[in-house]
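Let me begin by presenting the structure, written as structure tokens, before commenting on it.
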Amino acid sequence: MVGVKESSFPAGAAVDSFLHRHQLGADAVLAVLLVLPLGLVSLSLLRASDSPVSLRLLAGLGLLVLHGCVVPRRVRPAAAYGLAAAAMLLLVALPPLHDPGGAYYPAVLLPSSLVFGLLIYTAAGRLGLTPGLVCLGVALAGVVLVLARLWNPAAWGGSSGSFGLTGWRIGLSVGLVAAAACLWSLGRLSRIRVLFLAELKAKAERAEADRARERSEAARAERDRISREMHDVVSHSLAVMVSQAEGGRLSYPGSPQAEVFATVAGVGRDALRDMRGLLGVLRADGGTAPQPGLDDLPDLLDQVRGTGVRVDVREDGRSRPLRPAVDLTAYRVIQEGLTNVIKHAGATAAADLALAWRPDGLLITITDDGAGPPAGEPGAGLTGMRERLGMVGGTLEAGRRPGSGYALSACLPYESRSLPSSGS
């Protein structure tokens with residue numbers, strides 16, 4: 001099962017699964033195994049008895065039914081228990097058997113009668129509370145009948161042995177009632193365990209489904225936000241293109257180039273109008289505020305420090321201008337990383353932010369002295385960051401630091417994969 005192991009070892013889990021899928025076959029094997037020590041001894045006692053053949057046949061039929069009820073005990077627990085109870089009633093009602101040695105004994109004392117205890121256990125474990133209580137009542141009623149049958153050993157030609165009659169009766173009563181009650185209780189406990197494990201399995205499956213849905217929704221939300229922001233970036237570029245085209249048209253009025261510039265400006269304006277329409281649909285608030293970048297980092301750091309988190313910033317290398325999509329992604333990664341510090345490390349944590357301007361790209365590293373997010377599946381924040389970085393060709397690494405603390409490292413190329421370079 002998901003999240004809950006049925007066995008501590010893979011081999012044990014495989015055996016449990018096999019037995020659950022082949023209940024009739026497994027119980028048939030168990031019935032054969034019970035026949036070997038119990039059924040053969042009972043059969044030998046019946047063959048050695050000099051009681052009437054009809055009496056021995058009836059006793060043998062009752063024993064056969066008892067052993068046969070072992071096979072369907074889990075598939076049809078109520079029916080198997082009812083047939084076994086009828087067989088026990090037959091054995092109790094039969095006259096005592098007699099052997100050549102002169103001893104008398106009731107048929108219910110034959111070893112195969114012990115099989116009824118297994119059926120009590122199975123019925124209690126497989127049936128609901130009300131049917132289970134009915135089975136317990138039937139078992140206790142059978143105990144009363146057996147006690148009545150064996151109450152006076154002299155009446156059926158037996159003996160109380162070295163015990164007095166009172167000791168015989170007390171021991172017999174306590175033993176039979178305790179055996180029936182214990183077997184029934186063990187069966188109920190096994191049912192409670194099965195129901196508990198089934199509930200744990202269902203909870204684990206629901207939790208896994210919730211985590212998968214949360215990751216999917218987080219990725220979808222991040223893609224939606226990236227789409228809106230990319231529309232902002234493209235709209236800005238179109239606005240610049242239109243402005244430059246209009247400037248070219250006004251610089252060369254009446255020339256052939258002016259018509260080309262006018263065409264470019266017209267197409268750009270149409271595209272910009274369409275882009276703004278799409279942007280209005282994508283934005284939930286309908287706003288058109290400019291998207292942030294690394295130039296807005298001081299304001300972000302002030303907000304984070306306002307929560308009590310101490311943030312130290314270190315910048316290595318010579319900074320260079322980033323394309324809008326990459327600039328926006330760098331800001332969002334830092335924003336999400338510092339937000340995670342606040343959430344998981346606490347308001348008194350200390351964090352270090354490092355910006356390394358390398359020849360191949362910008363490396364952003366955020367470390368803190370907190371515990372970091374819980375172990376297991378990545379959260380929605382990390383999932384969103386990976387989605388965003390993947391859009392511009394970046395990578396993300398995150399995990400616990402040796403000793404204590406958490407580290408997040410993101411590498412962004414200077415040229416975004418989502419937009420062509422300026423020289424294209």
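Percent relative contact order of region 294-412, based on C-alpha pairs within less than 8 angstrom and at least six residues apart?
About 26 percent, as a whole number.
Taking every C-alpha pair closer than 8 Å and separated by at least 6 residues, the mean separation divided by the residue count of region 84-218 gives a relative contact order of 28 percent.
Positive end of the dipole of region 294-412 (Cβ unit charges, origin at the Cα centre): among V392, L297, G337, the Cα lying farthest that way belongs to V392.
What FRET efficiency comes out for the pair E214/S243, r = Cβ-Cβ distance, R0 = 60 Å, nearest 0.05?
0.85
Each eigenvalue of the Cα gyration tensor of region 10-159, multiplied by 5 and square-rooted, gives one semi-axis; in descending order these are 31, 19, 11 Å. Remark: spin-label model distance L250-V32 equals 9.9 nm, labels positioned 7 Å along the Cα→Cβ axis. Using 7 Å Cα-to-Cβ label points, what is the T263/R223 separation (nm, one decimal)? Those two pseudo-labels are separated by 3.7 nm. The residues F196, F261, F116, when put in order of fewest to most other Cβ atoms within 10 Å, stand as F196, F261, F116.
Computed about its Cα centre, the charge dipole of region 294-412 is approximately 160 debye, with only Lys, Arg, Asp and Glu carrying charge at their Cβ.
Look at D312, D27 and count the other Cβ atoms within 10 Å of each Cβ; fewest to most, that gives D312, D27.
Less than 5 angstrom separates the built amide H of A351 from those of R310, V311, D312, all sequence-distant by 5 or more or on a different chain.
Stretching the chain fully between N152 and D360 yields a gain of 64.9 nm (0.36 nm per residue, less the alpha carbon separation).
A short reminder: the numbers here are calculations on the coordinates, not readings from a lab. A quick note: this is a predicted structure, and the numbers were derived from the prediction, not measured. Positions of Cβ are generated from backbone atoms using ideal geometry, with glycine treated the same way; all protein chains shown enter the neighbour counts.
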